[in-house]
Structure formats: C-alpha cells, structure tokens
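The values are calculated or read from the model by the stated rules, or taken from the named source; none is laboratory data. Because the structure is a prediction, the values reported are computed rather than measured. Please note: Cβ atoms are built from the backbone with ideal geometry, for glycine as well, and neighbour counts cover all protein chains shown. Note: areas computed on protein heavy atoms with side chains; ligands, DNA, RNA excluded. Shrake-Rupley method; radii C 1.70, N 1.55, O 1.52, S 1.80 Å.
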Amino acid sequence: MARGRFITLEGGEGAGKSTQLQTVAACLREAGVPFITTREPGGTARAEAIRGLLLSADEAEPMAAETELLLMFAARAQHVRHRIEPALEAGTWVLCDRFTDATRAYQGGGRGMPLARIDALAAWVHGDCWPDLTVLLDLPVAEGLDRAAKRGAKDRIEQETLDFFERVRMAYLEQAGASPDRFRVVDASRSEAAVAASLREILRPFLQAARTHD
Ligand code: TMP
C-alpha cells in the first residue's frame, strides 16, 4: 500500500491557518483521499496535555526557553509515534496544523535557540519523517496580531513582542527559501477566498503527482 502524504500548514499568529486547513481538507475530501487532520503542539491526549503546559500564561515561574523547546519535541514524539506515523503507514494522509518548521521559526528565530540543536532533536524524534508539502501563510506581523487580538485572551506565546514575531516571520521565510521543493508561500494578507483559491491551485498538481506515483 502506498504511504500517505504528510501536509503541513504554517504561519504566524492570525495567518488564518485554522480556516485554510478546512480548505485543504475539502480538497482532499473531493479527491477521495483518506486523511486525518491534527495539530501541534498536540494531536494525542498526552501531547494535548503538554500543549496545556506550553500555552498557559506564565505566572510566578516563567518557562525557560530550553523547557519550551524540549516540551515542543516531547509533544511531537508522542504525536509522531502514536498518530502521524501509524496513519502514514496505513496509507492515510496527514494534514497537520504546524510541525518542526514552527519550532525552527519560534524557538529558533523567535527565542534564538541554536538551529543545530533543533535539527538534532528533530533527527532524534522524527528522523526523516518530514512533510511532503508545507504551505506557509505569510502576512505582515502587525496585521496578523490585529486579527489574533480579535480572538480574545492571549496565550503565553501570543503575549510575545512585535520583534519576536518579526523574527519568527523572517525565520519562516528563510526556511521556505531554503527548501523550495517542499514549501509554498501564500500571501495571507488577501481575502479568505483568494487565499483558498491559491491553496486549491497548490493542491491540484500535488494530488496529481501523488496519483501518478502511487
Ligand atoms: P497555534 O496558535 O497554531 O495553535 O499554535 C500554538 C502556539 O505554539 C503558537 O503560538 C506557535 C507555538 N509553537 C511553537 O512555538 N513551536 C512549535 O514547534 C509549535 C508547533 C508551535
């Protein structure tokens, strides 16, 4: 049986990932592809519990950057072992809201953790299980934060500074530039409908190529 394909959506705060995940899901459904949707940090019961630790606001004890990085990978290990790999092996596609590219952008770009350390953790935790396709929803930081602010209370990471999110955006764009075969960058400052149309254009040849290879 052909292995499933692994698709991720990435982007800064307020980029519209959750909405556009539904667009990708609709494309896969229309194509008759079996798939699951999931997210990081999270995706299994234990990984969702780790997400709770990661996103709850700092009170008396701020979270160290090292703790944050290790918890991201702890959640990922659980998710890859118990959800992502079993699905891909069974021929089910995985559509995931964020993955290790987010760690390189947030903990690498945002927090300044060395990329070599992140890459070593990635190699340990998920080996060569990398997405086949990653869509980066890109938009100016201020616009994204404005949109995110309308959603209500901010989690621990959303409380970061504008500079932090500028570094996250730059790190994402650098990664996309360094891996053009895997990444597609979509201008997410446009209307929901225009972004959805771009996603459909990206998915069409990807689905065709998958059919040809299987
Ligand atoms: P979400 O807003 O997409 O649900 O993601 C939750 C937060 O976690 C978001 O602020 C980005 C952050 N994050 C990281 O900092 N590193 C990671 O590896 C992942 C997956 C998410």
Is at least one residue of the stretch 122-132 open to solvent by 60 Å² or more (accessible area, probe 1.4 Å), within 23 Å of Ile50 (Cβ to Cβ), of a type in the set (Phe, Trp, Tyr) and modelled with pLDDT of 95 or more? yes
Those helices (runs of 4 or more DSSP H) lying entirely in the stretch 2-94 with at least 2 residues within 16 Å of the ligand (Cβ to nearest atom): 17-30, 45-55, 65-79
Among (1) part of a helix (DSSP H, G or I); (2) open to solvent by less than 70 Å² (accessible area, probe 1.4 Å); (3) over 14 Å from Glu10 (Cα atoms) - the single one Arg211 does not satisfy: (2)
Hey, could you check the stretch 186-196 for residues that are among the aliphatic types (A, V, I, L, M) and surrounded by 14 or more Cβ atoms within 10 Å (Cβ to Cβ) and say which is farthest from Gln175 (Cα to Cα)? Ala196
Can you pull out every residue in the stretch 13-28 that is more than 15 Å from Phe206 (Cβ to Cβ) and either touching a Pro at 6+ places or on another chain (Cβ under 9 Å) or open to solvent by 20 Å² or more (accessible area, probe 1.4 Å) (or both)? Glu13, Gly16, Lys17, Ser18, Thr19, Gln22
Pairs needed: first member in the stretch 63-78, of a type in the set (Phe, Trp, Tyr); second member anywhere, assigned to a helix (DSSP H, G or I); C-beta distance under 7 Å; at least 6 residues apart or different chains. Phe73/Leu121; Phe73/Val125
Looking only at residues that are more than 18 Å from the chain's Cα centre (by Cα) and surrounded by 12 or more Cβ atoms within 10 Å (Cβ to Cβ) in the stretch 152-179, which one is modelled with the highest pLDDT? Glu160
Among the residues that make up the stretch 136-151, is at least one of them under 15 Å from the mean Cα position of the chain (by Cα) and more than 24 Å from Thr23 (Cα to Cα)? no
Can you tell me which residue is surrounded by the most Cβ atoms within 10 Å (Cβ to Cβ) among those in the stretch 48-83 that are at pLDDT below 95 and of a type in the set (A, V, I, L, M, F, W, C)? Ala57
Pro114 vs (1) in contact (Cβ under 8 Å) with a residue 12 or more places away in the chain; (2) surrounded by fewer than 14 Cβ atoms within 10 Å (Cβ to Cβ); (3) away from the ligand (no atom under 11 Å from the Cβ); (4) closer than 20 Å to Arg169 by Cα: all pass except (1)
